[in-house]
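Okay, so here's the structure we're looking at.
The values are calculated or read from the model by the stated rules, or taken from the named source; none is laboratory data. The shown structure was predicted, so the numbers you read here are calculated from the model rather than taken from an experiment. As a convention, Cβ positions derive from the backbone with ideal geometry for all residues, glycine included, and neighbour counts pool all protein chains shown. The area values use the complete protein model at the heavy-atom level, side chains included, leaving out ligands, DNA and RNA. Shrake-Rupley method; radii C 1.70, N 1.55, O 1.52, S 1.80 Å.
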Amino acid sequence: MMAKKVLHSLTLNGEEVEVASVAGATLLETLREDLRVLSSKRGCNQGVCGACTVLLDGKPVRACLTLTARCEGHAVQTMEGMNGDHVMATLQRHMVESGGVQCGFCTGGVLISARELLESDPSPSRETVKTALSGNICRCTGYRTIVDAVCGAAEELSQ
Amino acid sequence: MSLDQPEPTFVGGTVGKSVAKPDNLEKVQGRAEYIADLYRPGMLHGAILASPHPHARIRGYDLTEAMQAPGVVAIVTGDDVGEGRMGAFIKDEHAIAKGKVLYVGEPVAAVAARTEEEARHACRLIKVDYEELPPVLSPEDGLAEDAPILHEHLADYIKVFDAGSEGNLCSRTELSEGDVDAAWAECDVIVEDEYTTQAQAHVSMEPCGALADVDATGRVTLWSANQSVFRVQANVCESLGLPMSKLRSLTPRVGAGFGNKMEPHIQPITVALAMKAKRPVKLILTREEDFEMVRARHPYRVRMKTGAKSDGTLVARECEVLVDCGAFADDSPGVLGYSLLMCGGPYRIPNMKATGRLVYTNKLRFGAFRGFGNPQVLFAGEQQIDQIGEKLGLDPFAIRRKNMLGEGDQWFVGPRIGSNGLGQCLDAVERASRGPRADGARRNFGLSVTAHISGLLGTGAIVRMLEDGTISLNTGATDIGQGSDTVLAQICAEELKLPFDQVAVASPDTDGSPYNWGTTASRVTYTTGRAVKAAAKKVVDQAMDHAAEMLECDVEDLELREGGRIGRRGSNTDVTFAQISGRAHWAVGGPLVGSETLVFDEPTHDPKRAIALGLPFPRIGVFSFAALGVDVDVDDTSGQVTVHEAWSAADVGRAINPRLVEVQLHGGFVQGLGYSLYEEMVWDGARLANPSLMDYKVPTARDVPDAIHTFIIEDPDPTGPFGAKGAGEIGLNAAPGAIANAVANATGARHAQLPLTGERVLAGMLNSAKART
C-alpha cells in the first residue's frame with residue numbers, strides 16, 4: 001500500500017504550484033488533501049452532484065472525475081481564486097440576496113456553472129438557466145431562487 | 001418580499017423583513033467550513049468496514065493483517081465498546097455492531113490511519129467470523145410466528161414510553177375518539193383502500209461526518225454534521241458509557257439535514273477511534289455509505305377508511321399502519337405515533353381510530369425525515385377526501401372547507417389549536433389556480449391540505465449585552481442552512497429594538513450553550529424563538545432598571561427607543577445601551593444577562609375525549625397549516641407525470657423572515673415532488689440496490705416547475721414569538737396527496753402506491769380506459 005506520490009506542476013488560481021499527490025489522485029483529492037484548497041466539495045465522488053465543480057483552463061469540470069495528472073501544466077481555478085471576477089461577484093451578490101443560498105454545500109459549484117453560462121450566453125432564458133444548472137444538485141432550495149439569482153445577475157450584467 | 005405578492009406589512013424593526021442570511025456571504029465565496037473542511041494537528045482519517053450480511057452473529061475478529069497495514073494506528077470493533085446502548089425512544093443501539101450485525105452496511109469495524117485511502121485499505125484486511133442468521137426483510141415477515149428475532153433482549157432495553165415491545169414488534173400505538181365501529185352506520189358514503197409508500201433517502205448534499213479529539217485529561221471534543229449538538233452528546237455518551245461532562249459537542253456549518261443528522265450517525269464510532277488512537281480522527285462518509293448506513297424515510301402500509309354523510313360532513317375515519325422500522329428504533333416510535341396523530345388531517349371527524357405497529361427488520365434504520373410520518377398518511381387521507389367529494393358532487397375546496405377544524409377546536413386526541421389560517425390558505429390557492437377540470441383533461445389540478453406541529457421539548461436562550469451595548473445571542477440551535485440563526489437574531493433584535501447586525505449568534509457548543517433538543521420538527525422558530533424573546537425581554541428589563549437609576553426616574557416613565565436607547569417619555573433625555581452596559585460591567589449590578597429556559601408543556605392527550613395507548617410524545621402542539629395545489633400533465637404514451645405549476649399557501653403565524661419561509665415552501669415542495677414521482681430506495685434482497693446519485697434520482701433544476709407560487713398567510717399564534725409558528729415541513733407534507741389527486745383528475749385512475757412512476761400511471765390509464773369500454 002501507501003501508493004507512491006507523484007509530483008505535479010499546475011497553475012492554481014493564477015499561481016504556479018508543485019504538489020505531490022498519490023498516483024491516480026483526482027483533482028478533488030489533490031485540492032483538498034494535498035493543497036487544503038477546500039471550496040470544492042465531495043458530494044458524491046461520482047460526477048453527478050456538481051459540488052466539486054472547478055474551472056480547468058477556464059472550462060467547468062468535475063474535480064472528482066478529473067485526474068490530477070491531466071492537469072499537469074494546465075490552469076485550475078477554484079472559488080478561492082475568483083475574487084475580483086466581475087461576473088462572479090455579480091452572481092454572488094444576487095445569490096446572497098435572492099435566497100438561493102441555504103446550506104451552501106452546492107453553492108460554489110452552482111456559481112461556477114452559472115458563470116460559465118453567462119460567459120457564453122449573456123441573456124439566457126429561465127429554461128436555459130435551468131438546463132445549464134441541471135448538473136448541480138441542490139436539495140434545499142427547490143432551485144427557484146437560484147434561477148432567480150442567475151437571471152437577475154444576467155440582467156444586471158447586460159445593462 | 002414575496003416573489004409573487006407584495007411584501008407583507010410589518011411595523012418597524014427587523015421582524016417581517018427578508019434579511020439576507022449573514023452566512024450566505026462565506027458560502028458564496030467558498031469559505032464556509034463544513035465537517036470535511038476541518039483539520040487538527042496530528043489528525044488521522046477514519047474508515048468503516050460495513051457488514052455484508054443482513055443478520056449474523058459475530059463470532060470473532062482477526063485484525064492481525066489490518067493492524068500491520070501501512071499507516072494504521074487504531075482499529076475499533078464491538079469488543080472496544082461497552083454494553084451501553086443509545087436511542088431517542090428505545091435504547092437499542094450500540095456505538096458499533098456488537099455481538100450481531102442487523103443490516104447490510106452496518107458498521108462492524110473502523111480504522112484510523114494516516115490517510116483515508118490507507119484506512120479504507122486496512123478495512124478490507126479485517127476478517128470477521130460471522131454465523132449467518134435468517135433475515136427479516138419486511139414488517140409482515142417480522143410479525144410471523146416463527147420469525148427470526150433481531151433484538152433478543154428487547155424486553156430489557158430502556159424505553160421512554162409504554163412501547164408494548166415484543167418479539168420483533170418495536171412499538172405499537174393506538175389512538176381513538178368517539179365510536180368508529182358504530183359510526184359507519186351513520187355514513188352515506190364510505191371509501192376504503194390500502195396504500196403503500198416507499199423509502200426515501202434524505203440526500204443532504206453534505207454526507208455525514210465527524211471529527212473527534214481527546215485532551216490530556218481524556219475529555220473529548222467532537223465536531224460533527226448534526227441537527228443537535230445535545231443529541232450528539234447524549235448519544236455518544238450513552239453508547240460509550242461516558243459521563244456527559246466528559247464530552248464537548250460542537251458544530252461547523254452543516255450541509256443540510258432534513259432529519260438525517262438529528263440522531264447519531266458515526267459520531268460514536270469516531271469518538272471511539274480517537275480515544276483508542278489517542279489522536280484526532282476525522283471520519284467522512286462516502287455518498288454510498290451515507291445511503292447505506294445512516295437512515296431514510298419509512299416505508300408505510302396504510303389501510304384507511306373514511307365515511308361521510310350525504311352533505312359531505314365527515315363522520316368517521318379508521319387508519320391502520322404497518323411501519324418498517326429497520327434495525328434500530330431511532331426516531332421511529334415517534335414517527336409512528338405522530339403519523340397516527342396526524343392521520344385525520346386538519347378536519348373535524350368525530351369518530352376516529354388510529355392504530356399502528358412498528359416492526360424491526362434487517363434493513364438500515366428508518367427515522368426522522370421532513371414530514372415525520374405525515375406525508376404517508378396524507379397520501380391516503382387526502383385522496384379519500386377527494387373521492388368522497390367526487391361521489392357527492394363537492395369540489396375539493398368545498399369539501400375541505402366544510403370539514404376543516406377551526407380556532408379553539410382540539411386536534412385528534414386533544415392538542416389545543418391556536419391560530420388557524422387554513423381557510424385563508426384554501427382561499428389563496430383557489431383564487432390563484434385554475435382548479436380541477438371536470439372533463440378529465442390530461443393537464444389537471446390536484447389539491448391537498450396539511451397541518452404540522454412546531455411546539456415540543458426543551459430549549460433555551462442566553463442573551464448577553466456586551467460592553468459596547470451590542471448583543472451576543474446563544475441558543476444551542478444548529479442552523480442547518482435553513483436560516484434559524486438569522487431568524488432568532490431577528491427576534492432578539494426586534495425585542496431589543498436594535499439593528500439586526502448588532503446581534504451576534506454564537507455557534508452551538510454543549511459547554512456554553514443552553515440546552516436545545518434540536519433543529520427538527522419545525523420547532524426552532526416557534527419553540528426556541530419563544531426563549532429568545534423572553535431572554536431578550538429580561539435584558540431590556542435590566543437595562544430599564546439601570547436607566548431609571550441613571551436618569552433618576554421611575555421605570556414606568558421610561559421607554560425603549562430604536563437603536564439601543566432608553567429615555568424618559570416626553571423628553572429627549574436618554575441613555576444608550578453602551579452607557580448602561582458600561583455601568584453594569586464596571587460599577588453597578590454586573591453585566592446584563594438574560595436567560596430563559598423552557599420545555600413545551602401543553603399535553604398532547606386529553607383523556608376526557610380520547611383513548612391513547614403507546615403515545616410516544618406526551619406534550620406537543622401549536623399547529624401550522626397549509627394548502628397545496630398542483631397542475632400536472634400526464635403523457636398519454638409513457639404515463640410520465642410532469643408538474644407544471646404549484647400554489648403553496650402556508651399559515652406560519654407570522655413570517656419572521658418571509659424569504660426564508662418561501663424557500664422552505666419551495667424546497668419542501670420539490671423534495672416532496674421527488675418523493676411523489678420517482679425517488680425510491682430499492683432493495684435487492686437485503687442489499688440496497690441504488691445507493692448512489694447515479695441510481696437514485698433526485699430532482700434537478702430541469703425537473704421542477706418554474707412556477708412555484710407561494711402565499712404566506714399570517715394568523716398569529718398567541719404563544720408564538722411575534723405570533724410565529726413553524727414552517728419547515730408543511731411545504732413537503734401535502735405534495736404526494738396533491739399530486740396523486742391531480743393524476744386521478746387527469747387520468748380517471750386512483751393510485752395507492754408511491755412513487756407515481758410513468759409505468760404505474762400508464763397502467764392506471766389503461767385500466768380506467770378498459771373499465772370505460
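Between A:Leu7 and B:Glu26, the simple spin-label model (points 7 angstrom out along Cα→Cβ) gives 3.7 nm. Taken as Cα centroids, the range A:1-63 and the range B:494-519 sit 37 Å apart, rounded to the nearest whole angstrom.
By definition, a body whose alpha carbon gyration tensor gives a ≥ b ≥ c is rounded when a/c is under 1.5, and the protein assembly as shown falls into this rounded group. Remark: for residue pairs B:Lys353/B:Lys697; B:Lys17/B:Lys697; B:Lys276/B:Lys363; A:Lys5/B:Lys21, the C-alpha separation exceeds 32 Å in B:Lys353/B:Lys697; B:Lys17/B:Lys697; A:Lys5/B:Lys21.
Relative to one another, the C-alpha centroids of the range B:279-308 and the range B:703-750 are positioned 23 Å apart. Please grab the % of Cα pairs in the range B:372-528 that end up more than 26 Å from each other. Of the Cα pairs, 49 percent sit more than 26 Å apart. Separation of the range B:570-624 from the range B:174-245 is 26 Å, based on Cα centroids. Of the GluC sites (Glu not before Pro) in the range B:47-147, the ones in a loop by DSSP (not H, G, I, E or B) with at most 10 other beta carbons within 10 Å are B:Glu83, B:Glu145. So how tilted is helix A:86-98 from the main axis of chain A? Cα-based, degrees 0 to 90, rounded to 10. The helix A:86-98 is inclined about 60 degrees to chain A. Here the calculated FRET efficiency for B:Thr573 and B:Ala506, from their Cβ-Cβ distance with R0 = 35 Å, stands at 0.55, rounded to the nearest 0.05.
Our summary gives the range A:5-81 a relative contact order of 37 percent, counting only alpha carbon pairs under 8 angstrom and 6 or more residues apart.
At a Förster radius of 22 Å, what calculated FRET efficiency corresponds to the Cβ-Cβ distance of A:Thr128 and B:Asp635, to the nearest 0.05? It comes out at approximately 0.40. If you sort A:Arg62, B:Arg442 by accessible surface, 1.4 Å probe, largest first, the order is B:Arg442, A:Arg62. Compared with the dominant principal axis of the Cα atoms in chain A, helix A:107-120 is inclined by about 70°. Considering only B:Gly344, B:Ala47, B:Cys208, and ranking their Cα positions along the charge dipole of chain B that arises from unit charges at the beta-carbon of Lys, Arg, Asp and Glu, the one farthest toward the positive end is B:Ala47. For the range B:615-642, list residues with backbone N below 13 Å from a point placed 7 Å from the Cα of B:Ala441 toward its Cβ? Label zone hits: B:631-634. Over the range A:86-157, the pair-distance histogram of Cα-Cα distances with 10 Å bins from zero comes to 24, 63, 13 percent, rounded to whole numbers.
For chain B, averaging the sequence separation of C-alpha pairs within contact (under 8 Å, six or more residues apart) and dividing by the residue count gives a relative contact order of 16 percent. Label point 7 Å out from B:Ser472 along Cα-to-Cβ: which residues of the range B:509-537 have amide N under 19 Å? Backbone N within reach: B:509-516, B:532-533, B:535-537.
Given R₀ = 45 Å, FRET efficiency for B:Lys770-B:His153 by Cβ-Cβ distance, to 0.05? So the FRET efficiency works out to roughly 0.25.
To the nearest 20 debye, what charge dipole does the protein assembly as shown have about its Cα centre, counting +1 at the Cβ of each Lys and Arg and -1 at the Cβ of each Asp and Glu? The calculated dipole for the protein assembly as shown is roughly 540 debye.
In percent, rounded to a whole number, the relative contact order of the range A:86-157 is 49, using alpha-carbon pairs under 8 Å and six or more apart. Think of it as helices only: each DSSP H run of n ≥ 4 in the protein assembly as shown is worth -39500 (n - 2.57), and spread over all residues that comes to -8500 deg cm²/dmol at 222 nm.
When each full DSSP H helix of chain B is screened for a Cα extent of at least 27 Å along its own axis and an average Kyte-Doolittle hydropathy of at least -0.5, the helices passing are B:529-551, B:658-677.
Please identify which residues in the range B:358-383 have an amide N closer than 18 Å to a label point set 7 Å out from the Cα of B:Asp162, following the Cα→Cβ vector. Label zone hits: B:358. Rolling a 1.4 Å probe over the protein chains gives B:Met67 an accessible area of about 80 Å².
For B:Ser595 and B:Asp545, the difference between the fully extended length at 0.36 nm per residue and the C-alpha to C-alpha distance is 16.3 nm. Computed on the range A:5-81, the Cα convex hull volume stands at 71 Å³ per residue.
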